[in-house]
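Enquirer: Below are the structure tokens for one structure; questions will follow.
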Amino acid sequence: MFNNRNTYYLASIIFIVLGLIYFAACLQHPYIGLDLEKNDDQWFVMVSDPHGEGYRSGIEVGDQILKINGEDPGNYNVVRKWGQLEGASTIEFCRPGESIGQKATIQNHLNFLTLLSETPLVILGFFFWYFGYITWFKRPFLEQTRTLFWMNWLFGLATIFSRSSARWLPLAKELELTFFSLAPVFLIVFFSIFPVKNQNRINGFGRKITIVLFIVILILTALNSLGFVQLAITIKKLALCNMLIGILISVWNLSLAIRLPKDRPEKNEAGIILLGMVIGFLPSVLFVAIPTIFNFQLQYFYTQIIFMFVATVPLSLYYIIVNKYLHDSRRLCETIITYFFAGIIFSFVLLYVLYLTKIVNTITTEIYFTSFFFTMLFIVCFHLIRIAISKIWRKYGLLQKQHFKHRIVELNDNLTFLFAEDRILEETVQKLGIDGAFIIVENAQTGCLKKAVGRFEKNCKEQGQLEEYFHKNQSIALEAKILPDHFPAEIYVPFTSHNSSCGIFFGHRYSRVKFEQGELYFVTLLAGQLAYQLLTMQIMEELTKEIDFLNRNSWNWQSRNLGLQEITYAMFRKLEQERKQLAGEISDGPLQVSLDLNRWLKYLEKEGLSGSNTLQVVSQMRELTEDLKYELSMILNELRPPILDDLGLIPAVELLCKEIMFKELTFISLEKKGISRDQRFKEEVELTAYRFLQKGIMNSIKYSSSKKQRIQIELSGVRLELTVSDSGGGFDAEQLENWLITGVHFGLGILKEHIERLGGELLISSGIQQGTTLKATLPVN
Amino acid sequence: MTLSPEESINKQGQVKVLVADGHWLFAKNTVTLLSSDPRIVSVGIAKNGRECLDMIHQSRPDVILLDIRFPDINGIKLIDQIKIARPEIKIIMMAELDQDGYVAASVKKAAEGLLYKDCSIREMIQAILKVAEGSNYYSPSSSIFPNMKIDFDDLHIPAKPVEILKKILNPEEKEIMGLLIKGLQNKEIASALGLSVRTVNEKVNIILLKFGVNTRLEAVLSWAHIKD
């Protein structure tokens, strides 16, 4: 049944109809407001409500009621059953000690004042229903909201009927008692499932007790209405007790929820409800329920005003169920308590001032409470008006300055878009309007990072002071602190995360306006964001560096690979080229000579040695043979000089130099250091060294205009150092890498690879008009 | 190939020669050529360093004609080993090309002689006999390079008085000099004059000798003086 939406609509309609009918009826009937008690068959006034018509007609507490509507009060139903005097039109009464009775005629004054005094409780009733309904309407699938709806429905009805019952409208008293005593049952049920499910023994026990009490009250009410018993006061007390039990168990449930760990949202929810409950129920319990239960009458007490506080209960419940994100209950509590105490103090002062100015002649509890009430009312109204005005101003842009929170929010948004560390800080400083900021980040791995802007930027002394403070006041919690006035900075936010500890200092405002405690919250948020950004950036920077490094490495490898490919290809071409050249040399030289030689031999064979020109032919043949030997030895020398293998590097190089000087127009100077003529090295080393010098000299002759080459061969320890230098035109060293691979120095490129493979190195230094120096170092062990 | 010991004993007073050469044909022909002289007897041919070391014990040669290069060892290194094993054996190095450095190397290694492989058999026999007698024989180098140290920083150009230089060269050499001074290579000169490269080579060498210089550049610079 409770899951059917229509049930809720129907219940709401019933509520509205009943509410309106009874409210209308209330306005039609006068409120007399007298409670009677029977004493020796005589009826005396126990309570005379100052708002009632009875009081206005002059009936006071202690007066004896003689006749109601011309009849004995005992015969009057309401009086007999409930001890209340309502619905009468004439009342005869006499004051104690007087024998002459007076007659009062009750009239219904339907005026603005009546309306004003009746409306609040009706509104409160509708308030209950409305918030129950709207909560259910917004979250219809929650068990809690359904329970809340019924609880509020009952509270609302009970509130509405409390006024109607006072006028003795039909069934009003009975219905009021029914609803009023059923409400605590729902109260317990509701708080056993909200904010956390808590099905323990006390809840079960409390639920049973309230149900039992509810049934007892129901029975007693019925019996009382039918006139079998006269227990009006007992029933009233029972109903109040029942409500008290309900409230106490609810509060107990909430205080359990409040002890939950910090990170549970239920903790805050419970805090807010508890606050609402305390504000709502405490005045009613203190000033209505307890005095009634213990027969202690507080005269002239404005119960309607006290009941208005109850409105905070449905309001707080609505607030926490409907909203996902809530205010901090501790902060709310703090604010309310602050206002409360301020109210108490101010009301005392007010009262004293009134007394001194003789506006008030005596000081009574009642007058004090009146003063207190108006003070609180003033504070609340002031607060509300202030908020309203500031909202209006903000809406129409009347406040020129951006609101602090707004600025922080904007800054927080911007932070994520700022990429330079310094700009983040600068932006922060600028937006907050402060004279500087200083941040320290200490990390075990990346070391200490310090950033300062504004006044701290070049002020080492202040930086040192703040740094010292930072080291003394490190903390895990992100909680801002306002520093003493003598510090160069105003706010300090410590912060620890990812094995980094940070400290952020904010300077003073340019406006010299101090930061408020309330603003620290936002500053903390900002600081957290700031630290996070800076840390992230630091990590990013390091990553970028690493990526850069890897990138460069990979590029190097790539170009090297590319170079090797080029070299391989070029080597193949070179090899084929050399083969072609060799074939050409052999076929032009030795082959031709041997062909000629063969021809001459054949001639000799035919002519015989007896011929006249034999000697000439033989001499011719010897010439040819000499040519053949020469040609072959030249080719051999070019391919692989035998002297290198036979005698070693130095004789081979000496011969090389002489040959070159014989054939080319150049001087070569050869300097040797630490090496003897018959010193031998590994074949590979000798060959590489020889080829290097050969190539170096030939390149210099071909490409530099230099007519002099200087060769140095030095053996130092286990390294053989070979240098070929000239004083020629030189070339742009930056172009060298390319030339080594593709250009005229290709042979050197191959040699470079070869030398490096042997563990040596080849250095080329050259510059335009600075000559060229080739230096090769080879390990010889 | 070893000759019988009786044979070597029978011909007492003859010089026993071991031909150590990896080139079989050359070695065989050497033996053949040597056999024309009765004062010399070949005791065998060693094709590599190992055989050579074996045979100096077996055949007991007086003289070894030692090639400079073997498949298994460098001839120069072999000299040391032979001298250690049989110090009394005389060694004549056989160089293939008359290049600078070989004479110096054999002198340094204490080889008794040096011959070029294309020397006449007469020269070879003369050398063997001379060495066997206990003196040395180093083949006069036909080398185009005089074996002297060049001091590059101390050059005097022209090396000889201009008047002498003018008269030194014959017309052919003057023609070659004219081409040299233009920077032509030997090959180019050879084809220009219809000579073989070797001939041009020799003629240039003669010019250098006549000028008393060591390098082509010095010759060219000297000739430039004459022209002036």
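The values are calculated or read from the model by the stated rules, or taken from the named source; none is laboratory data. Bear in mind the structure is a predicted one, so any value in this text is a computation, not a measurement. For neighbour counting, all protein chains shown are included, and Cβ atoms are generated from backbone atoms with ideal geometry for every residue, glycine included.
Enquirer: Hey, among A:GLU541, A:GLU578, A:GLU585, which residue is of a type in the set (Asp, Glu), surrounded by 10 or more Cβ atoms within 10 Å (Cβ to Cβ) and in contact (Cβ under 8 Å) with a residue 24 or more places away in the chain?
Expert: So the residue among A:GLU541, A:GLU578, A:GLU585 that is of a type in the set (Asp, Glu), surrounded by 10 or more Cβ atoms within 10 Å (Cβ to Cβ) and in contact (Cβ under 8 Å) with a residue 24 or more places away in the chain is A:GLU585.
Enquirer: What number of residues within region A:627-647 are closer than 24 Å to B:THR215 by Cβ and either within 11 Å of chain B (Cβ to nearest Cβ) or crowded, with 21+ Cβ neighbours inside 10 Å (or both)?
Expert: Adding up the residues that qualify gives 11.
Enquirer: Next question, about the same structure. Within region B:81-94, does at least one residue satisfy the condition of being on the phi > 0 side of the Ramachandran plot, assigned by TED's automatic domain parsing to the domain that holds B:VAL19 and either at pLDDT below 90 or not hydroxyl-bearing (Ser, Thr, Tyr) (or both)?
Expert: Checking region B:81-94: not a single residue is on the phi > 0 side of the Ramachandran plot, assigned by TED's automatic domain parsing to the domain that holds B:VAL19 and either at pLDDT below 90 or not hydroxyl-bearing (Ser, Thr, Tyr) (or both).
Enquirer: Kindly provide the set of residues from region A:676-697 that are touching a helix residue (DSSP H, G or I) at 6+ places or on another chain (Cβ under 6 Å) and within 8 Å of chain B (Cβ to nearest Cβ), ordered by number.
Expert: Correct list: A:ARG677 only.
Enquirer: So which residues in region B:80-108 are more than 14 Å from every other protein chain (Cβ to nearest Cβ) and in a helix (DSSP H, G or I), if there are any at all?
Expert: B:GLN81, B:ILE82, B:LYS83, B:ILE84, B:ALA85
Enquirer: Check region A:330-345 and report whether any residue there is outside any helix (DSSP H, G or I), surrounded by 14 or more Cβ atoms within 10 Å (Cβ to Cβ) and not assigned by TED's automatic domain parsing to the domain that holds A:PHE191.
Expert: No, every residue in region A:330-345 fails to be outside any helix (DSSP H, G or I), surrounded by 14 or more Cβ atoms within 10 Å (Cβ to Cβ) and not assigned by TED's automatic domain parsing to the domain that holds A:PHE191.
Enquirer: Out of the residues in region A:664-675 that are within 10 Å of chain B (Cβ to nearest Cβ) and surrounded by fewer than 16 Cβ atoms within 10 Å (Cβ to Cβ), which is nearest to A:ARG719 (Cα to Cα)?
Expert: Here the answer is A:GLU671.
Enquirer: Condition check: at pLDDT below 80, in a helix (DSSP H, G or I) and either touching a helix residue (DSSP H, G or I) at 6+ places or on another chain (Cβ under 6 Å) or surrounded by 17 or more Cβ atoms within 10 Å (Cβ to Cβ) (or both). Does A:LEU466 satisfy that?
Expert: Considered against the rule, which asks whether it is at pLDDT below 80, in a helix (DSSP H, G or I) and either touching a helix residue (DSSP H, G or I) at 6+ places or on another chain (Cβ under 6 Å) or surrounded by 17 or more Cβ atoms within 10 Å (Cβ to Cβ) (or both), A:LEU466 comes out as no.
Enquirer: Within region A:442-462, is even one residue over 25 Å from A:ILE539 (Cα atoms), modelled with pLDDT under 80 and either assigned to a helix (DSSP H, G or I) or touching a Leu at 6+ places or on another chain (Cβ under 7 Å) (or both)?
Expert: Taking every residue of region A:442-462 in turn, none turns out to be over 25 Å from A:ILE539 (Cα atoms), modelled with pLDDT under 80 and either assigned to a helix (DSSP H, G or I) or touching a Leu at 6+ places or on another chain (Cβ under 7 Å) (or both).
Enquirer: Regarding region A:637-652, can at least one residue be identified that is more than 60 Å from the chain's Cα centre (by Cα), of a type in the set (Gly, Ala, Ser) and part of a helix (DSSP H, G or I)?
Expert: Yes, region A:637-652 contains a residue that is more than 60 Å from the chain's Cα centre (by Cα), of a type in the set (Gly, Ala, Ser) and part of a helix (DSSP H, G or I).
Enquirer: Among (1) modelled with pLDDT under 90; (2) away from every other protein chain (no Cβ under 14 Å), which single condition is A:LEU720 missing?
Expert: (1)
Enquirer: On to the next question. Is there a residue being of a type in the set (Lys, Arg), in a helix (DSSP H, G or I), more than 21 Å from B:VAL213 (Cα to Cα) and at the interface with chain B (Cβ under 8 Å from one of its Cβ atoms) anywhere in region A:653-662?
Expert: Within region A:653-662, none of the residues are of a type in the set (Lys, Arg), in a helix (DSSP H, G or I), more than 21 Å from B:VAL213 (Cα to Cα) and at the interface with chain B (Cβ under 8 Å from one of its Cβ atoms).
Enquirer: Still on this structure, please answer the following. Working carefully through the options B:GLU133, B:GLU188, B:GLU173, find the one that is at pLDDT 85 or above, more than 10 Å from chain A (Cβ to nearest Cβ) and closer than 30 Å to B:PRO87 by Cα.
Expert: B:GLU133
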